[in-house]
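Below is one structure, written out as structure tokens; comments come after it.
The values are calculated or read from the model by the stated rules, or taken from the named source; none is laboratory data. Remember, it's a predicted structure, so these values are computed and weren't measured experimentally. Quick reminder, even Gly has a Cβ in these numbers, built from the backbone with ideal geometry, and neighbours come from all protein chains shown.
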Amino acid sequence: MDHLSNLEAESIYILREVAASFERPIMMYSIGKDSSVLLHLAQKAFFPSLPPFPILHIDTSWKFREMIAFRDQRVAETGMKLLVHRNEDALARGVSVFSHGSGVHTDELKTVALRQALDHYKVDCAIGGARRDEERSRAKERIMSFRGQHHRWDPKRQRPELWQTFNTRITPGESVRAFPISNWTELDIWQYIKREAIPVVPLYFAKLRPTVIRDGQILMVDDERFPLAPGETPEMRMVRFRTLGCYPLTAAIESTASTITEVVQETLSARTSERAGRIIDYDKPGSMEQKKIEGYF
Amino acid sequence: MSHVTLDSERTLLRFLTCGSVDDGKSTLIGRLLYDAQLIYEDQLLGISKESQRKLGDAAALDLSLLVDGLQAEREQGITIDVAYRFFSTAKRRFIVADTPGHEQYTRNMATGASTAELAVLLVDARKGLLVQTHRHSCIASLLGIRHVVLAVNKMDLVEFSEDVFRTIEAQYREFAKKLHFTSITAIPLSALNGDNVFRHSPNMPWYQGSTFMTFLEDVNVNADAYEEPFRMPVQWVNRPHQDFRGFSGTVVGGSINVGDAISIQPMGTNAVVARIVQFTGDKSVAHRGEAVTIVLDREVDVSRGAVLCGTAHGTSNASRVEAHILWMHETAVQPGRQFLCKLGTSTVPAVITKITHKIDVNTMSATHTDQLEMNEIGVCVVQFESPIPHDLYSANRHMGGFIFIDRISNETVAAGMILSDVSQSRNITWQQLDVDKSTRAALKNQKPCVLWLTGLSGAGKSTIANLVERALTAEGKHTYILDGDNIRHGLSSDLGFAATDRIENIRRVSEVSRLLTDAGMIVIVSLISPFQSERERARRTLVEGEFIEIFIDTPLEECERRDPKGLYRRARAGEIRGMTGIDAPYEAPRNPELHIQTVQHTPESSALMIVEWLRDHGYLQA
Ligand SMILES: Nc1nc2c(ncn2[C@@H]2O[C@H](COP(=O)(O)OP(=O)(O)O)[C@@H](O)[C@H]2O)c(=O)[nH]1
């Protein structure tokens, strides 16, 4: 068995364990490449049935427009049920990265929004597309990550995972985050997307796009809400994204890789990790770990 | 990283690394990631800043920082949990379970070992083998790891001395004899400088073996996956509409074809595989490791927790087993405690009825106890409240490994590995016959017993058995030989050499021996019987004092030299698989009644030793 088939089988096993063990699971769908792979794996795991859970998108309202279009197209194609949740209260208060900074933006529009949605839908297991190779603190994350009351991640209460025998038992108020693609790397993801011809958002492929440079990072001006500095005009650059989030928080890279084969080649020779394109875990060591304790994915 | 190809034939190897604090484990893993060029510039920048802070040297690059995880650990400067790392080369994709060395973290090491196919044991060349090296080896062996790399690190600190390396290697091989590894490979390295990690070291021209990386790329860990019986625990019943009913699960043993008959455990109902469904289209065959959905030819009542099996070899459904239990909770456990037991996809209530003994994981020796503390491993009797289909852990990790869940806190409190089924037939009272065993034995003027000759093929078991029988017959005793080869032509002609078949073969021989002792006979069994647990089970089948374990001890080299049946030559040539001593383990008896080293004696004098032992112990008179 080749390594991609091996990883695929492991992920399918985990998805089926979730479906069989929880009452109200959902699959978190961020529209990125990892979510695309996750969705494809779910289709495979339960075929000929549809995956027995809905997909949940936390919409910060700051996603790239192409992402939203892609999301709606995929939902129509797969026939899956989509739940969309926004922190309407924060949006009404005008929270955004430009007015409140990236910390408040992420906390209110992502972390709080996610907690609201999980409470609202009484979710007992949220399936996510996090990978252990993304960041140092994730190297120790469980496949079934236990969350106590108020979604808190307590490093001391994580359960040992022997073999593939997962302890899925929880009491009301507690929940589990399940990570079926824990053992995949960025390269595996791209190779699998290529092998299985999985649709992904076109933003992953290089194209001329309107951009500005801030603090050495290339940002795309996706809509008119992007405040330009006096005298600043967007320039067309050949860029693509290695990871996708809110457009003001996601840096592009200069690239000419416009096909899946070229993207795989570029990933093979990449010299920076994909998370460098995310502004969130940049500043101090352990910052992602702190975010996770607070309930950020 | 241009050497990485997109070869779809690239396989996956899961391995475990373990070592004591400061043996250089993190440095070795850091080195693997660094030399495989999987360290990105931003990560490198991060660690070079931390290196400077920690070491106060602007040029220092501490590769171990690449693999340190949680902040708490970074502050303490030690690793305290299992971390998973990933890297790949042109040939293989690797998943590394990186586990800590401290005693209190046995549980983490067991967790890492449970999914690993190979263990890398780090040893500091200056310190040699430590208690920890022994402990890690024992845990790896208990968890079913069969391949070990002894990475003798810091060779640069011992002037790359071949003597130092060879001494450590020899000591380790000696120690590991009592464990169940099928391969041990020792490699001298310097993780710090990269000697023998990716490239042969010019500093150790005396070392001709593979580099660490080439070895990991080439090692075959699936060699013992022969002739496994088919197993697929049902995870989820797939029922999109009235006309489709399939059973979704992952094949954890053997393979299955469309048209094959299967039995469904624990119910025991039979059916035939009608379709093997996957998203990309139906398949005609499914192998171990594949996630599939199976449709059967008839309506059967199957739900999650059932196991689809080959008809020839069903699972055991015994409700009482003996198992290794690794206790993982702060509060010690005593017999009588109830849990939920999860094995495969079934969950049933279970209770520990007895703690037979605990195992000192530094030496593998057994000590009496009435409780297990956190991180202790014991042999326990477990009673399931309803049948749970299973196999022995040695035959199939997925079917013989389980966890215990606390019924109130829901914590995972123990991991278990099934050693044997405990028969409950002892409770059945037999009809008392008028002529009993002692009458029959008295008539023959002897005490019935079983001389159980165990040893490698070609060790001399049959030769010695014949000579013993001749000597006893000459004295007017009543004997009978059960010879492994002869049994396989008749009583066990339906069995092969897979571990489960060997176990069944031994069960039959034990039962027949029991009947013959009941008839008053002295039985001479000549059977390789490689597994300690199976010999122990044979011992339990018999009345106390009637099982006499005799270790016919001949070194493998000598057996191979004799090779009376040409089997070793064929095994080496790859024509036969599962040959004990070559690609299947032989567990030497720990406390045999008699230990005969054949190279020091003629067969005649070996036989004489056995007869005299019987005489001394009063078996040759009623
Ligand atoms: N030197 C020596 N050779 C022995 C001894 N026992 C057996 N042999 C030889 O080893 C070979 C294998 O013996 P055999 O009885 O066929 O082994 P089995 O496979 O265990 O039944 C024969 O050639 C024997 O003569 C012994 O005690 N000492």
**Message:** Exactly one condition in (1) within 30 Å of B:GLN235 (Cα to Cα); (2) buried (at least 20 other Cβ atoms within 10 Å of the Cβ); (3) touching a residue at least 40 places away in the same chain (Cβ under 8 Å) is false for A:ILE55; which is it?
**Reply:** (3)
**Message:** For the stretch A:47-69, check the following and say yes or no: at least one residue is over 27 Å from A:ARG242 (Cβ atoms), touching a Pro at 6+ places or on another chain (Cβ under 8 Å) and more than 14 Å from chain B (Cβ to nearest Cβ).
**Reply:** no
**Request:** State whether the residues of the stretch A:16-33 include one that is among the hydrophobic types (A, V, I, L, M, F, W, C), under 24 Å from A:THR211 (Cβ atoms) and either within 14 Å of chain B (Cβ to nearest Cβ) or crowded, with 21+ Cβ neighbours inside 10 Å (or both).
**Result:** yes
**Request:** Select from the stretch B:448-478 the residues that are in a loop (DSSP other than H, G, I, E, B) and touching a Gly at 6+ places or on another chain (Cβ under 8 Å) and write down the one among them that is nearest to the ligand (Cβ to nearest atom).
**Result:** B:SER457
**Hits in the stretch A:5-15 (condition: over 19 Å from the mean Cα position of the chain (by Cα) and at the interface with chain B (Cβ under 7 Å from one of its Cβ atoms))** = A:ASN6, A:ALA9, A:TYR13
**Message:** Any residue at all in the stretch B:140-147 that's more than 19 Å from B:ILE359 (Cα to Cα) and among the polar types (S, T, N, Q)?
**Reply:** no
**Request:** Hey, could you check the stretch B:411-467 for residues that are among the charged types (D, E, K, R) and within 24 Å of B:GLU534 (Cβ to Cβ) and say which is modelled with the highest pLDDT?
**Result:** B:LYS461
**Message:** Six or more apart or on different chains, Cβ atoms under 6 Å: show the pairs whose first residue is in the stretch B:593-622 and touching a residue at least 60 places away in the same chain (Cβ under 8 Å) and whose second is of a type in the set (Ser, Thr, Tyr) and assigned to a loop (DSSP other than H, G, I, E, B).
**Reply:** B:THR598/B:THR554
**Request:** Taking only the stretch B:118-145 into account, find how many residues are surrounded by fewer than 20 Cβ atoms within 10 Å (Cβ to Cβ) and charged (D, E, K, R).
**Result:** 2
**Top-ranked residue in the stretch B:257-269 [being farther than 15 Å from B:PRO389 by Cβ and not in a loop (DSSP other than H, G, I, E, B); ranked as nearest to the other protein chains (Cβ to nearest Cβ)]** = B:ASN257
**Request:** Go through the residues of the stretch A:60-69 one by one and say whether even a single one is surrounded by 18 or more Cβ atoms within 10 Å (Cβ to Cβ), in a helix (DSSP H, G or I) and modelled with pLDDT of 85 or more.
**Result:** yes
**Prompt:** Are any residues in the stretch A:130-156 closer than 23 Å to A:ASP107 by Cβ and at pLDDT below 80, and if so, which ones?
**Reply:** A:GLU135, A:ARG136, A:SER137, A:ARG138, A:ASP154, A:PRO155
**Members of the stretch B:296-349 that are among the polar types (S, T, N, Q), assigned to a strand (DSSP E or B) and under 21 Å from the mean Cα position of the chain (by Cα)** = B:SER316
**Within the stretch B:88-112, considering residues that are within 9 Å of chain A (Cβ to nearest Cβ) and within 15 Å of B:LEU16 (Cβ to Cβ), the one modelled with the highest pLDDT** = B:ILE95
**Fill in**
Within the stretch B:541-559, the residues that are surrounded by 18 or more Cβ atoms within 10 Å (Cβ to Cβ) and within 10 Å of B:LEU456 (Cα to Cα) are B:PHE551, B:ILE552, B:ASP553, B:THR554, B:CYS559
**Message:** Show me the strands (runs of 3 or more DSSP E) entirely contained within the stretch B:165-256 in which 2 or more residues are within 14 Å of another protein chain (Cβ to nearest Cβ) and either under 21 Å from the mean Cα position of the chain (by Cα) or surrounded by 17 or more Cβ atoms within 10 Å (Cβ to Cβ) (or both).
**Reply:** B:231-233, B:236-238, B:246-250
**Request:** Look at the stretch A:218-234 and say how many of its residues are farther than 19 Å from A:THR60 by Cβ and either touching a Ser or Thr at 6+ places or on another chain (Cβ under 7 Å) or crowded, with 17+ Cβ neighbours inside 10 Å (or both).
**Result:** 2
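Table: residues versus (1) in contact (Cβ under 8 Å) with a residue 24 or more places away in the chain; (2) at negative phi.
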{"residue": "B:ARG514", "(1), (2)": "yes, yes"}
{"residue": "B:GLY520", "(1), (2)": "yes, no"}
{"residue": "B:ILE528", "(1), (2)": "yes, yes"}
{"residue": "B:PHE547", "(1), (2)": "yes, yes"}
{"residue": "B:ILE552", "(1), (2)": "yes, yes"}
{"residue": "B:GLU560", "(1), (2)": "yes, yes"}
{"residue": "B:GLY574", "(1), (2)": "no, no"}
**Prompt:** Does A:THR106 meet the test of being within 14 Å of chain B (Cβ to nearest Cβ), out of contact with any strand residue (DSSP E or B) (no Cβ under 6 Å at 6 or more places or on another chain) and hydroxyl-bearing (Ser, Thr, Tyr)?
**Reply:** no
**Prompt:** If you check A:ASP119 against the conditions, is it out of contact with any helix residue (DSSP H, G or I) (no Cβ under 7 Å at 6 or more places or on another chain), surrounded by fewer than 21 Cβ atoms within 10 Å (Cβ to Cβ) and within 13 Å of chain B (Cβ to nearest Cβ)?
**Reply:** no
**Request:** Specify which of the listed residues (A:GLY94, A:GLY128, A:GLY148) is within 30 Å of A:LYS207 (Cα to Cα) and not β-branched (Val, Ile, Thr).
**Result:** A:GLY128
**Asked** Would the stretch A:135-155 turn up any residue that is within 11 Å of chain B (Cβ to nearest Cβ), more than 28 Å from B:ARG407 (Cβ to Cβ) and of a type in the set (A, V, I, L, M, F, W, C)?
**Response** yes
